[in-house]
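Where a number appears in this text, it was derived from the coordinates with a stated rule and is not lab data. Please read all numbers here as calculations on a predicted model, not as lab measurements. Positions of Cβ are generated from backbone atoms using ideal geometry, with glycine treated the same way; all protein chains shown enter the neighbour counts.
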Amino acid sequence: MTLVLQAQGITKRFPGVLANDHVNFDLEQGEIHGLLGENGAGKTTLMNILYGLYQQDEGEVSINGKPTRIASPHEAIAHGIGMVHQHFMLVPPLTVTENIILGQESLQARTKFLGRLAALDRRSAAQRIRELSHQYRLDVDPNAYIKDLPVGAQQRVEIVKALYRHAEILILDEPTAVLTPQEADELFIIMRELVKQGKSIVFITHKLREIFAVTDRISVMRGGKMIGTVMPAEATSEMLAEMMVGRKVILMIDKEPAKPGHTILRVENLRVQDDRRATMVHEVSFDVREGEILGIA
């Protein structure tokens, strides 16, 4: 076992809130370590400390066995840590290449061209992006505009951006919150490819199905504390749910069959086009009846 990242006794206080309470966490080389917990459990706070967005009040972080103070995201990147946030850090009017190299321009370029991207070697950057995209099966077009990309593709751009900066450790903060189930499954394939090629991933989520689908280890946080770490093969959904909330949870809901009434909404042959006249919805019809919950998948 080779630890690439270790946090010991991490404590973080905000006014009136103990967000992290002497938390221990580690990440092994080439693994996907799931960090599970309810909203507000302290997961993102811990990862923001590891990425340099916050500074811990107590505790120590080590990278590859060396104690390290991470004072900023710039320092985290220098130590090989990349983070993909739940809300993407992308500029919609710019291309994929421009977004990825933004902030990477040379001092000469910033001085001579007042920060504009015109002086950057976009051609070589685009080629590197193509190489990373092919290597990790990310399917990213360096010339596409962010505003034209679906959410799943924008997320892949964020992953490429971290890899472009030589990240060896990737922190994915609730990455499936904005994805469809199909897009989530595609992300899991990408994550497996990343660790197959030597990367290490922290996967933050509160969804039990996902934690079993892709992780090698599972750590659970509750109320700012680390409750425990288990192997997926040794865990059950009931066990993890109890660790998350601190009590037994009934995961199956026993409900009576619905008795819907008359139709209160009817949609027939709905068609929708975007501003480029591409068809987004084609010939969709459905009814909603009184007293029912209609799911659209």
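Overview of values
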| read-out | value |
| --- | --- |
| Sequence of 123, 137, 128, 247 once ranked by neighbouring C-beta atoms within 10 Å, starting from the fewest | 247, 123, 137, 128 |
| Computed lengthening from residue 248 to residue 104, 0.36 nm per intervening residue step minus Cα-Cα distance | 46.9 nm |
| Geometric extent, Cα atoms of the chain - Rg, Dmax (angstrom) | 22.2, 71 |
| Length released on extending from residue 17 to residue 297, taking residue separation times 0.36 nm less the Cα-Cα span | 97.0 nm |
| FRET E, pair residue 290, residue 180, Förster distance 25 Å, beta-carbon r, rounded to 0.05 | 0.30 |
| The stretch 257-297: radius of gyration and largest Cα-Cα distance (Dmax), Å | 13.6, 44 |
| Sorted by Cβ density within 10 Å, fewest first, the residues 173, 121 | 121, 173 |
| Order of 245, 214 under a 10 Å beta carbon neighbour criterion, fewest first | 245, 214 |
| Efficiency of FRET between residue 275 and residue 207 - r from beta-carbon atoms, R0 41 angstrom, step 0.05 | 0.75 |
| Other-chain or far-sequence residues with amide H under 5 Å of residue 289's (modelled H) | 264 |
| Spacing of the two label points (7 Å from each Cα toward its C-beta) at residue 139 and residue 234, in nm | 3.7 |
| HN-Hα J in Hz across the stretch 45-57 - Karplus 6.51, -1.76, 1.60, θ = phi - 60°, x for Gly and Pro | 4, 4, 5, 5, 5, 5, 9, x, 6, 10, 10, 5, 7 |
| Label-to-label distance, nm, for residues given as residue 39 and residue 282 (7 Å Cα→Cβ offset) | 3.6 |
| ³J(HN,Hα) computed for each position of the stretch 64-71 - Karplus, 6.51 cos²θ - 1.76 cosθ + 1.60, integer Hz, glycine/proline x | 6, x, 10, x, 9, 9, 9, 8 |
| Contour minus Cα-Cα distance for residue 127 and residue 258 (0.36 nm per residue) | 41.6 nm |
| The stretch 257-297, dipole about Cα centre (Lys/Arg Cβ +1, Asp/Glu Cβ -1), debye to the nearest 20 | 40 |
